[in-house]
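Taking it in order: structure first as structure tokens, then the write-up.
The values are calculated or read from the model by the stated rules, or taken from the named source; none is laboratory data. What you are looking at is a predicted structure, and each value in this text was computed from that prediction instead of being measured. Note that each Cβ is placed from the backbone with ideal geometry, even for glycine, and that neighbours are counted across all protein chains shown. In case anyone asks, the SASA skips ligands and DNA or RNA and just uses the protein heavy atoms, side chains included. Shrake-Rupley method; radii C 1.70, N 1.55, O 1.52, S 1.80 Å.
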Amino acid sequence: MAKITRPKGRLSTLNKLITAKRARVEVTEAEPVVPFHPVWAGDEDPRCPTADKTDRAAKSSTSASTPLAAARVKFPGTVDNADEDEDEDEDEWEDEDEGVPPPNPYAPSSRQSSFRDKYGKSAQEAMYARGAPPVNIKTCPSCEKRLEGPPDGGDTLYRCDDCVGGALRCRDCLLSSHTERPLDRITAWDKHARAWLPTTFSSLGYELHLGHGGTKCPNTRTPARLMTIVHDHGIVKLPMRYCRCTEAPKEPFQLIAAGFWPATWKKPRTAMTLGVMDTYHMIARQAQVSVDDYVRHLARLTDNVLPTDIADRYREFNNASRQYDHLKRCAEYDTWVGDALKNGQLCLLCPACPQPEINMREGWKERLPEYRYLDALQYSIDGNFHLSMKDRDTDPLDVALSDGAGYFVPSETAKQFMSKTKAPKAEASTCNQFGAMGQGKYKGKVSGVVGISCRHMFMLANSIIDLIRAEQYQFVDLALLCTLQKYLVLLQLFGTYDINCQYMVNLRKRLADYGVVLEEIDGLQSTELPQIIAGVGKYHLSMHTKECRHKFSMHLLPGACMFDGEPMERIWAILNALALRTKEMSGGHRHDVLNEHFEDMNLRRLQVLVKELLAKYANGNKRVKEIAKYLARIESSIGKNHIVAWRAEETAYLKAVVDIAQHKHLKNIYEPPVEASLTQKDIVEQLAAEQAAQLSGDGVVRVTVLEDALAVQETRRQLRLQVDTFTGTDEERQRLRTKIETWHAQAVRVSAECTSAISNSVETAKLLVAHGVHAQGFPLRTTSDDRKCGIPSPPSPPKCDAPAGKGKRKRSREATDLTAMAGRLDEVDVRLPSDYHSVVRQHAAMEEAVATERRLREGQANEALEDLRLHLTTQMSLAERKTQGSGTIHNAAMDRRIHGKREAIERAKFAYRRARHAMIVLGMSKKDRTYRVLKDEDCKAFVIVDEEVRRGDSKRDPTWIWGDFTYMGKLDEGKIKIFVTNSE
């Protein structure tokens, strides 16, 4: 393989290219010649023994090094034929690692490492080979004509960088093959610079003739006009001859017929190809590239050494692109440029929203009131203060070409409305202060815009208006009126706005005031709007006060469906990048550019709408079945009486919540009443009661012997915990000793009763052991017996109940007393069926006892789950209420309560796991669907309080522990409120 000689440093190369370009002088120190690489000519190579293999390897290397291939990422499960072909060839490049695929050959890291280690050098050699000098500089490879003549271009070879193959041609062959391709990028071999240097067709004597199929017009007498042509690959000079026949069109229209767009309309000297106009039209909308950036990009494509030498055509391209875009819009909507345009005529409508006289079914007006939301237009209002405009207006008289026909309110309508109507008086806020209500700082001739879109993210026609300062109601009202003129026949509207709680209060009164001067305003037929159900988007709802949330919640309002009310926020997020451009434009140009981008947004939404709605429909059907099943399960656990009462209450609430006039006294039915809340003292007592059962006469329910035994075991565990963590006074220690003695007497009695009840079964089971040889520990349970039966290890106690470490040193007498108490607790063993060996448990005589204990354990598990659900709900409420206050005292108190709830949650989890473990010992399957494994991630709160609702909650299923709400039915209103608002 021949060795590749790399060029010298880039700086020296660029300097010599500049010198050769400007002065065309002979370079004294010749650049090193990059020889043609023999591998690509089919010479033998140790990795490519055959020419066929070389070709395929070259294709693989080339495709791997192109930006398109490098950017294309494929993951398992996807189909991409190009990538599959490339992978088939990879085996031929393997050496000692052949047959050992990378962990993920489609991951970006694998692709880039493969390129660097295997294909990069070969690809680089191939690129060097393209810069090699011609093998034969004396004759043309195409026509075999000898290259000779004066140094006017006929004594060298040329190559077209835009033609496939890169064939070398002489000047005459190049001109004849590019009669209709005069804008291709070509390079010529410079014998002095010994490099391929860019050149143009005009330097070779090419002239473009218009009007006669590329031939010269017989009637032209004037010399060719040197035109500046802006095309996809750069900006070049090109001599052009127009047709001068009698019936020939004017020069601008000859240019259009030839595929150019004139920069001016009288005697153009600059033209843009239609291709470059389409390219910019698309890239500006997809990537929001400015005209300035795009023209600079074309200049650098033309000459990246000295781009400042290229003619600046920013102004011409800027005006041309605006005209070209408007013409295309008019053509798309089958109208002529200059004709009178109707309001919204050049706007793309949403096919999924109700469009009167277009897509609404017959009889839609006869729907029952509860189903009118099916024919309602759902819209969203929002302001954007990024799309502002600076004070300096470059052309105050500039009016948008699409004025009135696009997405902005017609300029004449806006002027008449603002001059004929009075701005409403400022209203005192009954909620939080928002920037939309004028609580911010604004500057510039235009401070921003207000826009309206439908729920499917389609901008509505005539829905955008420029703001002078804040989102004053007068501006928003005008945008709303202009937008809804074509929807006045609908019976219901559903609108969201981040300040709807204030905006909707006096909307009807303001509209009535506007109606007085309606006849003096063009473009408005009526100010009488259909019923509007008002909501606040889910993102903004949490910023409102508690009194507002339930009245405007998209989770609760009838007809809201799965609408989050925030489509405008997503539109602004995409279009905010335009702000740096549009704030510098004149008023009309700014409107035209924004109209084009809003139109493109609607078009892009239309392209994916069908697929998106079908996917949502399929997912909706699935979710309906899941939610219906879940709802039926929890309703069955609550009780019919509660459900009937709640549904009646909700029906009345839903009728009232859609009427803004009834909001003042409307209470939230989805939360327990406030008057049932408990004090801090009540909460502390509740937590203390959970930690230790009192051993008074009413402390233990005496139902059966096994129930007594369970109670004694649980009480011993709690007393032992108190002994291990005791830090009290002598008086408190004496009371604890009394409790232990009371328990001891009771435990002796219960142990005797329990042992007597199952002793016969135990003795009978011993006889089943062969030859009377008993295993160690028999007849009690052992670890080896549990492993043999597949019983998991018992759960570990919660950390909050673990014995305290080193703390305050106890006095000798106190320590001795506590040790004696612990010994007293260990003196009595109360044995339950679950404490015995599997042979004993499975004996027929033990069947009733085992079944009884298992039912009791199920009750323990149910109670533990009830406690867990209640404490989870409470903890979430406490965390939310902590954020509603401030100060060290408030935070410290809330932290103590939250910490107490966390400990209660851990104890409830342990109680359930302990009961479930006992049930498994007693024969329950480990895969039981009712009493499942309780994981920490299952312990999530069920949202009850409205301010705790977050976006996405409606798409998340509650965990399995929320499949039963019987615990709610067991409590009265006051007890329910204990676990919801106990922080107040």
At a 1.4 Å probe radius, carbon and sulfur cover how many percent of the accessible area of region 387-546? 53
Specify whether the C-alpha gyration tensor of region 319-410 places it in the rounded, prolate or oblate class, a ≥ b ≥ c being the square roots of the eigenvalues: rounded for a/c under 1.5, otherwise prolate if a/b is larger than b/c and oblate if not. oblate
In nanometres, what is the gap between the two model label sites at Lys415 and Glu937, each 7 Å from Cα along Cα-to-Cβ? 6.3
So, in nm, how far is label Leu580 from label Cys245 when the simple model puts each one 7 Å beyond its Cα toward the Cβ? 5.0
Rounded to whole Hz and in sequence order, give me ³J(HN,Hα) for region 557-562 from the Karplus expression 6.51 cos²θ - 1.76 cosθ + 1.60, θ = phi - 60°, writing x for Gly and Pro. 5, x, x, 6, 6, 9
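Cα gyration tensor of region 136-206, axes a ≥ b ≥ c as square roots of the eigenvalues: rounded (a/c below 1.5), prolate (a/b > b/c) or oblate? Display every interim value, and only then the final one.
Values: a/c = 1.36, a/b = 1.26, b/c = 1.08.
In terms of gyration-tensor shape, rounded.
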Entries of Lys901/Lys935; Lys629/Lys901; Lys342/Lys509; Lys342/Lys420 with Cα pairs more than 20 Å apart: Lys629/Lys901; Lys342/Lys509; Lys342/Lys420
Under a crude label model (7 Å from the Cα following the beta-carbon direction), how far is Ala648 from Lys121 in nanometres? 8.8
With the dipole of region 136-206 worked out from charges on the C-beta (+1 for Lys and Arg, -1 for Asp and Glu) around the Cα centre, which of Cys143, Tyr206, Pro182 lies farthest toward the positive end? Cys143
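Let a ≥ b ≥ c be the square roots of the eigenvalues of the Cα gyration tensor of region 534-616; is it rounded (a/c under 1.5), or, if not, prolate (a/b larger than b/c) or oblate? Working shown, then result.
Details: a/c = 3.40, a/b = 1.54, b/c = 2.22.
The shape class here is oblate.
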Along region 855-865, what does the Karplus equation 6.51 cos²θ - 1.76 cosθ + 1.60 (θ = phi - 60°) give for ³J(HN,Hα), rounded to whole Hz, x for Gly and Pro? 5, 5, 5, 4, x, 4, 5, 5, 5, 5, 5
Applying the Karplus parametrisation 6.51 cos²θ - 1.76 cosθ + 1.60 with θ = phi - 60° to the phi angles of region 631-646, what ³J(HN,Hα) value in whole Hz is obtained for each residue in order, glycine and proline being reported as x? 5, 4, 5, 6, 5, 5, 7, 8, x, 5, 4, 4, 4, 4, 5, 5
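Which links in Lys365/Lys538; Lys445/Lys616; Lys266/Lys415; Lys118/Lys611; Lys739/Lys799; Lys328/Lys425 stretch past 32 Å when you go from one Cα to the other?
Details: Lys365/Lys538 30 Å; Lys445/Lys616 43 Å; Lys266/Lys415 35 Å; Lys118/Lys611 41 Å; Lys739/Lys799 25 Å; Lys328/Lys425 44 Å.
Beyond 32 Å: Lys445/Lys616; Lys266/Lys415; Lys118/Lys611; Lys328/Lys425.
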Sulfur and carbon atoms: percent of accessible area, region 136-206 [1.4 Å]: 49
Percent carbon-and-sulfur accessible area, region 208-339, ignoring ligands, DNA and RNA, probe 1.4 Å: 53
Could you report region 208-339's accessible area per residue, 1.4 Å probe, as an integer in Å²? 52
Under 5 Å, built H, 5+ apart or other chain: amide partners of Asp161: Arg185, Ile186, Thr187
Long-range amide H contacts for Gln355: which residues qualify at under 5 Å (H placed 1.01 Å from N, peptide plane, sequence gap of 5 or more or a different chain)? Met360
As an exercise, use a Förster radius of 35 Å and the Cβ-Cβ distance of Val399 and Asn359 to find the FRET efficiency, rounded to the nearest 0.05. 0.60
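Measure up Lys551/Lys882; Lys882/Lys927; Lys882/Lys940; Lys788/Lys927; Lys216/Lys267; Lys882/Lys909 against 28 Å on the Cα-Cα distance and list the ones that go over.
Lys882/Lys927
Work out the length of the dipole vector of region 221-353 about its Cα centre, built from +1 on the beta-carbon of each Lys and Arg and -1 on the beta-carbon of each Asp and Glu, and round it to the nearest 20 debye. List each step's numbers first, then the result.
Numbers: 18 positive and 14 negative charges, 112 e Å.
The dipole magnitude comes to about 540 debye.
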In square angstrom, what is the accessible area per residue of region 136-206 with a 1.4 angstrom probe? 52
If packing is taken as the average number of other Cβ atoms within 10 Å across a peptide's residues, how do 855-863, 173-181 rank, most packed first? 855-863, 173-181
Which far-off residues, 5 or more places away or on another chain, put their amide H under 5 Å from the one on Gly535, with H placed in the peptide plane? Gly495, Thr496, Tyr497
